[in-house]
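These notes are about the structure you will find just below.
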Amino acid sequence: MSPYVTDNLQTDNRLVTKHGNQMLAIADYSAAPLAELFTAAGEPTPLPAYFRQMGYITTDGVKQGNDVSSNDTNMVQDLDPVRSDIESITRTIGVTFGEANSWVNALLHGLPVSEWPAKKTDAWDYEFGEVADPPFYRLLFLSQDGTGDQIKYRVEQAYRVKVTNLGERTLNRTDAEGFEFTFGLYKDPATGKTLRRASDGPFYRGLLTEG
């Protein structure tokens, strides 16, 4: 048997990443986005005070979807398309929050961050009134994989998002109350950006000294 495949594999199990430690934060769209996602030392840029951490996320984690729509061109001489052109890409972020705090419930009711209580532990009283288009927000996702000199950080910034779908809430005596949100991602006219993703940390900095 030829050993070619096993002798020439280019794999690195250190690059298999999970996102066990994570946070998601939201700010009003009028607030400034982060200019840089990482410091010069390879650490995530400190979270500005106007970003609100939403608390617990259920074990499903955060899901980022990309729905690509394309248009095929066919010719009579060929059953296969002769070309395919992308018409649109719809990007979303889905998450279920596990805390029934005042900020999560303010988001559920479509309030801008400027109208949220000062603390997520504050009492709250919201109403669903007339139909209104939800506001736009800025969204930050941060996660950490590994410890010590093996830490890999991930930072993802969505520049202009709004809630496009709400899941069901279950209230019973066995399941924790969860709040399922889907955010649609849109291009920010001020920056020309939709979503920026980056990884850094001690792990990557250590690779610079290898070899």
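In the range 48-98, of all residues being under 21 Å from LYS18 (Cα atoms) and among the polar types (S, T, N, Q), the one that is surrounded by the fewest Cβ atoms within 10 Å (Cβ to Cβ) corresponds to THR59.
Residue pairs whose Cβ atoms lie under 6 Å apart, separated by 6 or more positions or on different chains, with the first residue in the range 14-36 and touching a residue at least 60 places away in the same chain (Cβ under 8 Å) and the second among the small types (Gly, Ala, Ser) and surrounded by 15 or more Cβ atoms within 10 Å (Cβ to Cβ), are HIS19/SER143; GLN22/SER143.
Checking each residue in the range 43-88 for being of a type in the set (Val, Ile, Thr), within 16 Å of the chain's Cα centre (by Cα) and either farther than 20 Å from ALA27 by Cβ or assigned to a strand (DSSP E or B) (or both) picks out ILE57, THR58, THR59.
Scanning the range 128-176 for residues being in a loop (DSSP other than H, G, I, E, B), of a type in the set (A, V, I, L, M) and free of Cβ contacts under 8 Å to residues at least 60 places away in the same chain gives a total of 4. Taking the range 153-193 as the range and being in contact with a strand residue (DSSP E or B) (Cβ under 7 Å, 6 or more places away or on another chain) and among the small types (Gly, Ala, Ser) as the test, the residues that pass are ALA158, GLY167, GLY178, GLY184.
Across the range 117-143, which residue is nearest to THR191 (Cα to Cα) among those that are open to solvent by 70 Å² or more (accessible area, probe 1.4 Å) and among the aliphatic types (A, V, I, L, M)? Of everything passing the filter in the range 117-143, ALA132 is nearest to THR191 (Cα to Cα).
Listed here are the residues, each with its yes/no results for (1) touching a helix residue (DSSP H, G or I) at 6+ places or on another chain (Cβ under 7 Å); (2) over 16 Å from LYS63 (Cβ atoms).
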site	(1), (2)
ILE93	no, no
ASP122	yes, yes
GLU156	no, no
ASP175	no, yes
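The values are calculated or read from the model by the stated rules, or taken from the named source; none is laboratory data. Fair warning: this is a prediction, and the values are worked out from it, not measured in the lab. When we count neighbours, we look across all protein chains shown, and the Cβ atoms used for this are built from the backbone with ideal geometry, even at glycine. Please note that ligands, DNA and RNA were not included when accessible areas were found on the heavy atoms of the full protein model with its side chains. Shrake-Rupley method; radii C 1.70, N 1.55, O 1.52, S 1.80 Å.
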